[in-house]
1. I want to confirm something. Restricting to segment 111-139 and keeping residues that are among the hydroxyl-bearing types (S, T, Y) and surrounded by fewer than 24 Cβ atoms within 10 Å (Cβ to Cβ), which single residue is nearest to L214 (Cα to Cα)?
2. Between residues in segment 78-103 that are in contact (Cβ under 8 Å) with a residue 12 or more places away in the chain and at positive phi and residues that are part of a strand (DSSP E or B) and crowded, with 19+ Cβ neighbours inside 10 Å, which pairs lie under 8 Å by C-beta distance while being six or more apart or on different chains?
3. So if I check each of L129, L150, L157, which one is under 22 Å from N40 (Cβ atoms) and assigned to a loop (DSSP other than H, G, I, E, B)?
4. Take the residues in segment 175-205 that are free of Cβ contacts under 8 Å to residues at least 12 places away in the same chain and closer than 23 Å to L72 by Cα; name whichever of them is surrounded by the fewest Cβ atoms within 10 Å (Cβ to Cβ).
5. Tell me, which residue of segment 90-102 that is of a type outside the set (F, W, Y) and under 20 Å from the mean Cα position of the chain (by Cα) is surrounded by the fewest Cβ atoms within 10 Å (Cβ to Cβ)?
6. Looking at segment 117-136 only, could you name the residues that are among the charged types (D, E, K, R), under 12 Å from Y51 (Cα atoms) and free of Cβ contacts under 8 Å to residues at least 40 places away in the same chain?
7. Against the condition surrounded by fewer than 22 Cβ atoms within 10 Å (Cβ to Cβ) and without any contact (Cβ under 8 Å) to a residue 60 or more places away in the chain, how does N147 come out, does it pass?
Amino acid sequence: MSHSTREIAIEEGLCPPDKIKVLLSGSGQGVDARRFAPANESARFAARAAYGIPADALVVGFLGRMVRDKGLLELARAWRRLSAKEPRLHFLLAGKQDPDDALATAMLAALRSDPRVHYAGHDWDAPRLYAAMDVVALPSYREGFPNVALEAAAMGLPIVASRVPGCTDAVLDGVTGTLVAPRDAGALAGGLESYLANAGLRERHGQAGRSRVLAELRREAIHEAIAAEYRNLMGAAACAYSR
């Protein structure tokens with residue numbers, strides 16, 4: 001859970017404020033910062049080779065369900081704009097297709113006809129995928145607390161995400177990534193282009209994301225906070241019972 005989704009739950013009357021709590025900076029499980037760590041140059045080149053991507057390419061990445069609600073249609077439109085401008089640009093995406101989402105399935109098929117689009121399928125060797133990327137896109141219409149944003153940050157990658165609850169907690173706009181209006185392919189393309197054109201910006205925001213993960217969002221810290229909360233609740237219950 002994120003702080004923004006907690007606020008929505010309270011505003012919608014789903015839960016009273018004293019009955020819902022977000023631990024630390026949020027997230028369900030945190031992120032394994034040892035497994036998700038910045039790739040060195042050899043790992044980066046090997047990951048790109050595995051997916052047929054040139055070593056010197058600029059790579060936009062996407063991981064998630066292949067459905068409209070993940071912003072796949074806007075991402076495809078943004079790709080067409082960006083790829084027409086930059087011949088070195090490649091697109092790496094991975095995720096499970098939904099046979100009930102015909103429009104997204106058709107859009108994915110159209111994308112895959114482009115030789116610079118690389119579909120890894122339902123391949124969740126996520127660190128290797130991230131190792132091949134320069135910037136990550138998450139144009140979702142809604143999120144709880146997106147793991148993709150945390151994993152990308154842990155890998156030292158900037159992310160362009162929709163300005164929607166959940167993403168606003170996972171991405172610090174202008175610090176660890178860029179938030180753009182949802183359902184807006186032009187804004188998404190602009191956010192991605194700012195990173196593709198500026199290696200220094202990619203590095204600064206990627207390093208800031210990694211630092212934030214280590215300080216606030218490591219899995220061990222989240223687990224300890226959950227354990228501490230249970231200890232507090234059990235202690236309070238024991239005191240109440242002893243009365």
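1. Only one residue tops the list, namely Y119.
2. That search, which allows pairs on different chains as well, returns G95/F62; G95/L63; G95/M66.
3. L157
4. So the residue we want is A197.
5. Among those that are of a type outside the set (F, W, Y) and under 20 Å from the mean Cα position of the chain (by Cα), it is K96.
6. Passing the criteria: only D123.
7. No; evaluated as a whole, the condition is false for this residue.
No lab work stands behind these numbers, since they all come straight from the coordinates. This is a predicted model, so every value here is computed, not measured. No Cβ is skipped: glycine too gets one built from the backbone with ideal geometry, and neighbour counts run over all protein chains shown.
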